[in-house]
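Asker: I'd like to ask you about the structure that follows.
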Amino acid sequence: MTQQARQIALYGKGGIGKSTIASNLSVALADLGEKVFQIGCSPKIDSTAFLNGGEIVQPDILEQTRRKGDAKEHLMACIQRGYRGILCAETGGPEPAVGCAGYGVKLALDLLREHDLIAELGATFVIYDVIGDVVCGGFAQPMRSGYAREIYLVTSGEMLSLYSANNICGAVRAMSEEGADVQVGGIINNMRGVVQERELVEEFGRMVGAPVLAYIPRSPIVQEAEGEGGTVLEKRPDSPQAEVYRELARALLEARETVLPTPVELEEILALIRRHRAQ
Amino acid sequence: MGEPRKVAIYGKGGIGKSITSSNLSAALSHLGERVMQVGCDPKRDSIATLCGGLQPTILSAVDQGEVSEEVVRGLIREGYHGVLGVESGGPKPGSGCAGRGVLTALRILEEYDIFQKYGVTFALFDVLGDVVCGGFAQPMRAGYAREVYIVTCGESLTLLQVNNIAASVRRLHEQGADCAVAGLINNMRGIENEERIVEEVAERMGVPVIAHIPRSPLVQEAEMEAKTVVEAFPDSEQAGVYRTLARRVLDNRATYVPNPIGFEEIRPIVSRYASGRKHDS
């Protein structure tokens, strides 16, 4: 390998649709010639399932290392080739009530790096799909360690989702000030049908100083495809929704500028939502 | 004065914990309890409808320097019908552990004997339960979760989170912590057969459903005025629902060590009742 893989991370609130976006994006990038590696970084381990016929990719890295150890061959057994040859892995997490989920994720990523698996498998584009419900120090670990220099925020116009996105901006800023090499590439608006959602998220983007890179409309096609165990790009490649993900992939390949965001106060988010609700 | 009764409300973010907690606190105050609601979520919006908007937090005071009894007293708000409210706050995003931060705030309340000094008979902790890592389990480990009510709805991802919380309670109980579940509160989203879905999941886990709370537009209307339903619409059916919940919580002293089930068990329950809907219509 002469060239380092480009590595991005999608952060956002649990349940917001990060994994759906990540998986469709992975397929679209593969169609554009990238060798993609998608790594699910959530204890829920369901990030890559729709690249793998709807089945959870197993074993996850943390469970495997707990059971068998962290030798290279055991790690290789955690990496599956899914749809279009996309490389898939799940970090896993600690058992509930034990340990720190974020440190667990970091441990798994450290192992991948230690064995140089991203380069060895020839990946050119790595997507980390990271839960961002609580941005305590733990979940910020993957940012701190320089795994992904580009963070993309997945949000809708809902309050809790914007709150999480704002927290992630705060984490990026804090970490960058501590010397970590991390910035925000942009916001992906995964729309939920909130009133004036485009304008709302656009304005949020201006407030924190990050551009909105794409609008993903809500579509029943997503559920249909996932009900059949696959991504929209696999199951409904001719749909308008598939084109939305292809556009996102192209926009991502072109977007190389990143910004240092400025988080706002919760009151400002509440006021923003109230303004748009009143209109 | 003895120790106040301590009840913790857990649930996924956005499920309606704070609204349920605030209405429960308001209704308990009408039953003669001196209630203090402690928001244990970095979002610090737990007591907003009781005490008129977002309030400064204990941890922000810690950040700013000296913490004294006077400072802590200054953070306690007396809201609707004498209900007391305070917010723990959380660490700055990207640093520290949110769960440990919450525990620090709770310890500060104990250190200054706040519950005794304010004559609190009922302390209600409104706790974020999205991520049940070791951090968020800290308050459970420290005896703040002898009676846990988990707020849920009939959606599978919410029930998965309920299950994670149940698994944490069980594991910590096995390790010797004094924690148990008193019941589930079904804060309904309007899913078909939602009562049956939640009843069945609860039965499998070995815990009761203490109340089914119907969806009502009055909740939002009251929230826009920064009030609880109990305050804004005392004569409404919805206020009656919260008063019933308060009486049940007061009467219910039984607790259970839950049996967590897998997502493999939750998903079929949810989809079975969802597919039942298709046949019905």
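The values are calculated or read from the model by the stated rules, or taken from the named source; none is laboratory data. Being a predicted model, the structure only gives us computed values, none of them experimental. SASA here: full protein model, heavy atoms, side chains in, ligands and nucleic acids out. Shrake-Rupley method; radii C 1.70, N 1.55, O 1.52, S 1.80 Å.
Asker: Would you mind checking which residues have amide H under 5 Å from B:Q37's amide H? H placed 1.01 Å from N; only 5 or more apart, or other chain.
Answerer: Close amide H contacts, sequence-distant or interchain: B:L84, B:G85, B:V86, B:L124.
Asker: Name the residues of the stretch B:69-96 whose accessible area, probed at 1.4 Å, falls by at least 10 Å² once all protein chains are in place instead of their chain on its own?
Answerer: Buried on complex formation: B:P93, B:G94, B:S95, B:G96.
Asker: Here's something else I'd like to know. Can you list residues whose amide H is under 5 Å from B:R5's amide H, if they're 5+ apart or on another chain and H is modeled 1.01 Å from N?
Answerer: Hits under the 5 Å cutoff: B:F122, B:A123.
Asker: Give me Rg over Rh for the stretch B:1-102, both radii from the alpha carbons and Rh done the Kirkwood way, two decimal places.
Answerer: Numbers: Rg = 13.8 Å, Rh = 14.3 Å.
Taking Rg over the Kirkwood Rh, I get 0.97.
Asker: I've got another one for you. Rounded if a/c is under 1.5, else prolate if a/b is larger than b/c, else oblate: which is the stretch A:143-279, with a ≥ b ≥ c the root eigenvalues of its Cα gyration tensor?
Answerer: Oblate, since a/c reaches 1.5 and b/c is not below a/b.
Asker: Anyone know which of B:R196, B:R253, B:R44 comes out most mobile in the 10 Å Cα GNM of chain B?
Answerer: B:R253
Asker: Round to the nearest 10 and give me the degree value, 0 to 90, for the angle of helix A:266-278's Cα axis relative to the longest principal axis of chain A.
Answerer: 60 degrees
Asker: Over the protein assembly as shown, with every protein chain in place, what whole percent of the accessible area is carbon and sulfur at 1.4 Å, could you tell me?
Answerer: 47 percent
Asker: Pairs of alpha-carbon atoms within less than 8 angstrom and 6+ residues apart define the contacts here; what relative contact order does chain B have, in percent?
Answerer: Contact order relative to length: 23 percent.
Asker: Right, here's the next one. Most fluctuating residue of B:E78, B:E70, B:E199 in a GNM of chain B with Cα springs under 10 Å: which is it?
Answerer: B:E70
Asker: Do you know which residues of the stretch A:71-99 lose at least 40 square angstrom of accessible area in the protein assembly compared with their chain on its own, with a 1.4 angstrom probe?
Answerer: So the qualifying set is A:P96, A:A97.
Asker: Could you work out the relative contact order of chain A, using alpha carbon pairs under 8 angstrom and six or more residues apart, expressed as a whole percent?
Answerer: Normalised by residue count, the contact order of chain A is 23 percent.
Asker: Then there's this: Where Rh is the Kirkwood radius over the Cα pairs of chain B, the temperature 20 °C and the viscosity 1.002 mPa s, what D in µm²/s does Stokes-Einstein return?
Answerer: 113 µm²/s
Asker: Give me the orientation-averaged projected area of the Cα convex hull of the protein assembly as shown, in nm², one decimal.
Answerer: Directional mean of the projected Cα hull area for the protein assembly as shown stands at 25.2 nm².
Asker: Can you give the Rg and Dmax of the stretch A:110-158 based on its C-alpha atoms, in angstrom?
Answerer: Using the Cα atoms of the stretch A:110-158, the pair Rg, Dmax is 13.1, 41 Å.
Asker: Kyte-Doolittle mean at least 0.0 and Cα extent at least 15 Å along the axis: which DSSP H helices of chain B qualify?
Answerer: On the way: long enough: B:17-30 (20 Å, 0.03); B:98-111 (20 Å, 0.44); B:156-174 (27 Å, 0.17); B:194-205 (17 Å, -0.83); B:237-251 (21 Å, -0.45); B:263-280 (26 Å, -1.01).
Those that pass (Cα extent of 15 Å or more, hydropathy at least 0.0) are B:17-30, B:98-111, B:156-174.
Asker: Give the cross-link partners of A:K13 among the lysines, using a straight C-alpha distance below 28 Å as the criterion and excluding same-chain residues fewer than 8 apart.
Answerer: Reachable lysines: A:K35, A:K44, A:K106, A:K235, B:K12, B:K17, B:K43, B:K92, B:K227.
Asker: Once B and A are treated as a pair rather than alone, how much accessible area drops out, both sides summed, in Å² to 100, probe 1.4 Å?
Answerer: So the buried area, both faces added, is about 2200 Å².
Asker: Something else: For B:G134, what residues show an amide H to amide H distance below 5 Å, using hydrogens built from the backbone and excluding near sequence neighbours?
Answerer: Hits under the 5 Å cutoff: A:A97, A:V98, A:G99, A:C100, A:A101.
Asker: Hey, another quick one. When a/c is below 1.5 the answer is rounded, else prolate if a/b is larger than b/c, else oblate, so apply that to the stretch A:3-96 with a ≥ b ≥ c taken from the square roots of the Cα gyration tensor eigenvalues.
Answerer: oblate
Asker: With the Cα gyration tensor of the stretch A:72-217 giving a ≥ b ≥ c as the square roots of its eigenvalues, does the rule (a/c under 1.5 for rounded; else a/b larger than b/c for prolate; else oblate) give rounded, prolate or oblate?
Answerer: It comes out prolate by the Cα gyration axes.
Asker: Per residue, how much accessible area does the protein assembly as shown have with a 1.4 Å probe, in Å²?
Answerer: 39 Å²
Asker: Pop out the ³J(HN,Hα) list for the stretch A:190-195 in order, Karplus 6.51 cos²θ - 1.76 cosθ + 1.60 with θ = phi - 60°, rounded to Hz; leave Gly and Pro as x.
Answerer: For the stretch A:190-195, the Karplus-derived couplings read 8, 6, 10, x, 6, 4 Hz, x marking Gly and Pro.
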